[in-house]
Amino acid sequence: MIKCVLFDLGGVVVDFSDEDYYRYLAKQGKLSPEQVYKKLDPLYRRIFMGLIRIDFFEREVARILKIERSKVKWIEFYESHVKLNEKMMQLVRKLRKNYKVAFLSNVDYSRYDIAMSMLNLKEFDYHFASCYIGKNKPDPEVYRYVLKRMRMKPSEVVFIDNLNVNVIGAASVGIRSIWFMGSMSELTKKLRSFGVKA
């Protein structure tokens, strides 16, 4: 029986796409977004695990992409593009009447603070961020950590993420998972298929 619905933040609870940021950086460095992703993925993983700070991250991005540091705009770009997904928050409020609700996000300290300023944390029973856990999705250990903290079995949780790789990661530890592709009606159908009254 499902007791908790676990949401991703970026691309689910808040509207923001790192792909947009890659495209922005690609223009600055005269590269393709794919090239930017390949060059920066190791740095992304480290900042999301809380292992490096913004100043080091921005210096490294500027060095790797051969652009001015002032053009990296890690915080500024996020602040100017992120917004709350109001329809998703309506679903969160509805679900909270019968279930625990939580979120789990790959995020650094700075973006986490910005997202938290947009959310009412009282609307979530639990909140988990990779920068505080020290591991990123889709590492199975992240999901095990969350289950342990919530004192729940994998069969009692449904996880929603906009990245299929993270959905696969959650499913690998037995959590029922939904790949959210932007359609609220499809999401509610899938939740109902897991026995969740949405």
Filter segment 66-77 down to residues that are of a type outside the set (D, E, K, R) and over 24 Å from the mean Cα position of the chain (by Cα) and give me whichever is surrounded by the fewest Cβ atoms within 10 Å (Cβ to Cβ). S70
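Report yes if some residue within segment 35-42 is of a type in the set (S, T, Y), in a helix (DSSP H, G or I) and surrounded by 15 or more Cβ atoms within 10 Å (Cβ to Cβ); otherwise report no. Reasoning before the result, please.
Residues of segment 35-42 of a type in the set (S, T, Y): 37.
Imposing the further condition that a residue be in a helix (DSSP H, G or I) reduces the set to 37.
Next cut, surrounded by 15 or more Cβ atoms within 10 Å (Cβ to Cβ) only: 37.
Scanning segment 35-42 turns up at least one residue that is of a type in the set (S, T, Y), in a helix (DSSP H, G or I) and surrounded by 15 or more Cβ atoms within 10 Å (Cβ to Cβ).
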Kindly indicate whether R63 is modelled with pLDDT of 95 or more, over 23 Å from W179 (Cβ atoms) and either more than 13 Å from the chain's Cα centre (by Cα) or not assigned by TED's automatic domain parsing to the domain that holds K189 (or both). yes
Criterion violated by A129 - all others in (1) more than 24 Å from S17 (Cα to Cα); (2) assigned by TED's automatic domain parsing to the domain that holds G11 satisfied: (1)
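Pick out the one residue from K122, K87, K97 that is in contact (Cβ under 8 Å) with a residue 60 or more places away in the chain, surrounded by fewer than 21 Cβ atoms within 10 Å (Cβ to Cβ) and basic (K, R). Spell out the reasoning first.
Details: K122 fails: in contact (Cβ under 8 Å) with a residue 60 or more places away in the chain; K97 fails: in contact (Cβ under 8 Å) with a residue 60 or more places away in the chain.
Step by step, each of K122, K87, K97 is checked, and only K87 is in contact (Cβ under 8 Å) with a residue 60 or more places away in the chain, surrounded by fewer than 21 Cβ atoms within 10 Å (Cβ to Cβ) and basic (K, R).
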I'd like to check something: does segment 21-30 contain any residue that is surrounded by 17 or more Cβ atoms within 10 Å (Cβ to Cβ), modelled with pLDDT of 95 or more, under 20 Å from the mean Cα position of the chain (by Cα) and of a type in the set (G, A, S)? no
Being modelled with pLDDT of 95 or more and either more than 18 Å from the chain's Cα centre (by Cα) or over 30 Å from K100 (Cα atoms) (or both) is the filter here; which residues of segment 1-20 pass it? I2, K3
Only one of these conditions is not met by L51: (1) in contact with a helix residue (DSSP H, G or I) (Cβ under 9 Å, 6 or more places away or on another chain); (2) surrounded by fewer than 15 Cβ atoms within 10 Å (Cβ to Cβ); (3) assigned to a helix (DSSP H, G or I). Which number is it? (3)
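The values are calculated or read from the model by the stated rules, or taken from the named source; none is laboratory data. Computed from a predicted model, the values in this text were never measured in an experiment. With ideal geometry, Cβ positions are generated from the backbone for all residues, glycine too; neighbour counts draw on all protein chains shown.
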